[in-house]
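Down below is the structure, laid out as structure tokens.
No value in this document is a laboratory result; all are computed from the given coordinates. Fair warning: this is a prediction, and the values are worked out from it, not measured in the lab. Neighbour counts are summed over all protein chains in view; Cβ atoms, including those assigned to glycine, are modelled from backbone coordinates with ideal geometry.
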Amino acid sequence: MRTVYILWLRQLKRFIRKKANIVGALGQPALFLFALGFGLSPIFARAGGGNYIQFLAPGVIAMTVLFTAVFTGLEVIWDKQFGFLKETLVAPVPRYQILLGKTLGGATVAVIQGILVFFITLLTGFRPESWLLMPIALVFLILIACLFSALGTAIAARLEDMQSFPLIMNFVIQPLFFLSGALFPLHQLPQALELITKINPLSYGVESLRWALTGQSYISPVVCLVVLTIVTGALVVIGSDQFSRVEV
């Protein structure tokens, strides 16, 4: 497992060196929290939804983890073009270890970003229901990060053109986010949208975080845990298969 550790450490070092990216990645979550959070709070309260900041904050944290984790897959294409991935693939180690190392590295970066955004939510007035549930919230955060880091890495393993990756991700990431219940409640949706939210893995990530941070959830946290674990495992297997087909 030394290969897993080396790739994980390399990903983490990249993140630490790019201080501008760390700050820049916090801009979009902050915009959602301050603009949408305060802008829609009166409407949400009049509709009987309560405090919109309390509802929105877990969704924004999940959004941060989603985008950060998936786009770490872009570095796989970068490594392809500059030869680092080729050097890794010819090493006498199983391909699944390469995927696992990159997945864990991307997930670690995503979790750190999620934690930073959590502290930003505190500035907007968000308060967790119970600080005792924070370790559980961290577990769900790690599962979300691993799931979408594996997804991004698996997709990038089959791409050669760096410019095509953001295009493909926009067809996957934006629908996943907006149809996850991060910005609006999942109950009383049209039947078609309700079906989509039920098959969207991010919905279970958002609802699990919402339960751990606010004590409220439309989906049982046990169901969320089971779904996130199964989907993450399936994506790691699929990603390993994709890596096994990469030509060196």
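Counting 0.36 nm for each residue step from I199 to E160 and taking away their Cα separation leaves a gain of 11.1 nm. Sorting the segments 107-116, 34-43, 133-142 by their mean number of nearby beta carbons within 10 angstrom, highest to lowest, gives 107-116, 133-142, 34-43.
Electrostatic tally near P58: other residues with Cβ closer than 9 Å to its Cβ, Lys and Arg +1, Asp and Glu -1, net 0. Distance between the pseudo-spin-label points of F178 and E129 (7 Å out from Cα toward the beta carbon): 2.9 nm. Multiplying the residue separation of I168 and W78 by 0.36 nm and subtracting their alpha-carbon distance yields 30.8 nm. Here is the list for the stretch 155-248: chymotrypsin sites (Phe, Trp or Tyr not before Pro) lying in DSSP coil, each with at most 16 other C-beta atoms within 10 angstrom of its C-beta, are Y218.
On the basis of the beta-carbon distance and an R0 of 45 Å, V237 and F38 show a calculated FRET efficiency of 0.55.
Take the Cα of Q188, go 7 Å toward its beta carbon, and the backbone nitrogen atoms of the stretch 199-226 under 19 Å from that spot belong to 216-219.
Could you tell me whether the stretch 170-227 comes out rounded, prolate or oblate from its Cα gyration tensor? Rule is a ≥ b ≥ c as square roots of the eigenvalues, rounded for a/c under 1.5, then prolate if a/b exceeds b/c, otherwise oblate. Here the stretch 170-227 falls in the prolate category.
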